Amino acid sequence: MPFEKSPFRNTPFRKKIKMLKLTRYEGNPIIEPDPKHWWESAVTANPGVWYDEETRKVTMLYRASAADAEHKVYLGVAVSDDGYHFTKLSGDQPAVAPSEGFDGGCVEDPRITKMGDWYFIVYASRPFPAGQYWLKTPNAAWTPPYATPDFPRALSKNLSSSGLMLTKDFKTFIRAGRITDPLIDNRDAILFPEKIQGKYALLHRPMEWTGAKYGTDFPAMWISFSDDLLSWPTSTLLAKAEFPWEKKIGGSVPPIKTSAGWLTIYHAVGPDRHYRLGAMMLDLNDPTKVTHRMPDWLIQPEADYELKGYYQGCIFPCGTAVIDGTLFVYYGAADKYVGIATCNFQNLVFELVSHPV
């Protein structure tokens, strides 16, 4: 039933769920580092997922790293029949490892969409490993010591960029290439699950697009449209920090299509450097327009596994699933673990549309 015709649209029930929050799964963390596997002995975090409504199986790609100083980042695969309990499939070797190219240092933060028989995975990367970043001062960036002024900026600054890979089975992967401009640090890139007005659509967060020229004081969410998934020539500022708990913001998971619009969960880094989650609704036919936005966060770091890790105070999801009316948000906790937080999906829609912008 379209939301506009829902019997709940103007009822007291709708008002009782204001400031809805996500509820942590009592079995968190659901995935932890495994000392038996070298590539995931220190980190298992930031999961992207796909829920198959026919098989009722959830497939997860999660970020992983070894307990070493280099800190390359890999992807592992896990599956679940109920959305809560996962079996790791990758074993002694990761499902995806850094290549010899632009993603030579890390492949991380996968966001999964499906078009036809293919899964399209947008992921963050760097040309070199970031090293043990949690031991550095805030915002300190590793750069190759042998870089000269003639090195391309992406290499000399070890910039983040976003790449695209494709798979049909989460066993073999096609690396399509970089999809963001190599001259800027740009991640949190997320494909919409279908074309809009005949165009592909992409969210992304260019780190350096700040100041009067760009209309935002802090890194923000941008949106692009294209006829080809490897080329995104123009961008429009979509959303920026608006509330006290927000400074830098970025998209988190692929937008979910509803009759009320594209439900979009995003992350916000606050003045305290903690990562919280928020929600906004984008217009179905013109997602450059934010139609609704919750003024308060959905969840903030509070549990030990969210506060004690490599980034203390971080909730960072890359995927969701709606299973039997429940929204499952799969998130990285403190850059070390994987957790789940849930809510009634329709309640979240009702709550969100009560906050027009």
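Report the rotationally averaged projected area of the stretch 212-255 based on its alpha-carbon convex hull, in square nanometres.
Spelled out: convex hull of the Cα atoms, projected over all directions, averaged, 4.0 nm².
List the residues whose amide H sits under 5 Å from the amide H of SER99, counting only those 5 or more places along or on another chain, with H placed 1.01 Å from N in the peptide plane.
GLY104
Between LYS195 and GLU32, what length comes free when the chain is fully extended (0.36 nm per residue of separation minus the Cα-Cα distance, one decimal in nm)?
55.1 nm
For the chain, calculate the relative contact order in percent as a whole number, restricting contacts to Cα pairs under 8 Å that are 6 or more residues apart.
17 percent
Mind listing P(r) for the stretch 140-193? All alpha-carbon pairs, 10 Å bins, whole percents.
Taking every Cα pair in the stretch 140-193, the percentages come to 21, 39, 28, 12, 1.
Assuming 0.36 nm per residue, please report the length gained on full extension of the stretch TRP134 to SER259 beyond their Cα-Cα distance.
40.8 nm
Over 31 Å between Cα atoms, which of LYS21/LYS157; LYS157/LYS257; LYS168/LYS257; LYS114/LYS136 qualify?
Check vs 31 Å cut-off fails for LYS21/LYS157; LYS157/LYS257; LYS114/LYS136.
Please work out the Kirkwood hydrodynamic radius for the stretch 281-357, using every pair of different C-alpha atoms, and report it in angstroms with one decimal place.
Here the Kirkwood hydrodynamic radius works out to 13.9 Å.
Just to verify a number: FRET efficiency for VAL79 and ASP304, C-beta to C-beta distance, R0 = 30 Å, to 0.05?
0.65
Which ³J(HN,Hα) values, rounded to whole Hz and listed in residue order, are derived for the stretch 279-293 from phi using the Karplus coefficients 6.51, -1.76 and 1.60 in 6.51 cos²θ - 1.76 cosθ + 1.60 with θ = phi - 60°, glycine and proline given as x?
Couplings: 9, 9, 10, 10, 4, 4, 8, 9, x, 6, 9, 8, 9, 8, 7 Hz.
Hey, rough spin-label estimate for PHE151 and GLU208, points 7 angstrom out along Cα→Cβ, what's it come to in nanometres?
1.4 nm
What order do you get for 65-73, 208-216 when each peptide is scored by the mean count of other beta carbon atoms within 10 Å, highest first?
Answer by packing, highest mean first, reads 65-73, 208-216.
Expressed as a fraction of 2.2 N^0.38 Å, the rule-of-thumb size for a compact globular protein of N residues, what is the C-alpha radius of gyration of the chain?
Normalised Rg, Cα atoms only: 0.94.
Can you tell me the order of 102-113, 246-257, 265-276 when each peptide is scored by its average per-residue count of other Cβ atoms within 10 angstrom, highest first?
Result, highest mean first: 102-113, 246-257, 265-276.
So with the 1.4 Å probe, I'd like the accessible area per residue for the chain, rounded to whole Å².
43 Å²
How much length is gained on full extension from SER226 to MET19, taking 0.36 nm per residue of separation minus their Cα-Cα distance?
71.0 nm
Going by a ≥ b ≥ c, the root eigenvalues of the Cα gyration tensor, does the stretch 109-266 fall in the rounded group (a/c under 1.5), the prolate group (a/b larger than b/c) or the oblate group?
It is oblate, given that a/c is not under 1.5 and a/b is not larger than b/c.
The values are calculated or read from the model by the stated rules, or taken from the named source; none is laboratory data. Note that the coordinates shown come from a computational prediction; the quantities given were computed from them, not determined experimentally. Quick reminder, even Gly has a Cβ in these numbers, built from the backbone with ideal geometry, and neighbours come from all protein chains shown. These accessible areas exclude ligands, DNA and RNA; they are computed on the full protein's heavy atoms, side chains included. Shrake-Rupley method; radii C 1.70, N 1.55, O 1.52, S 1.80 Å.
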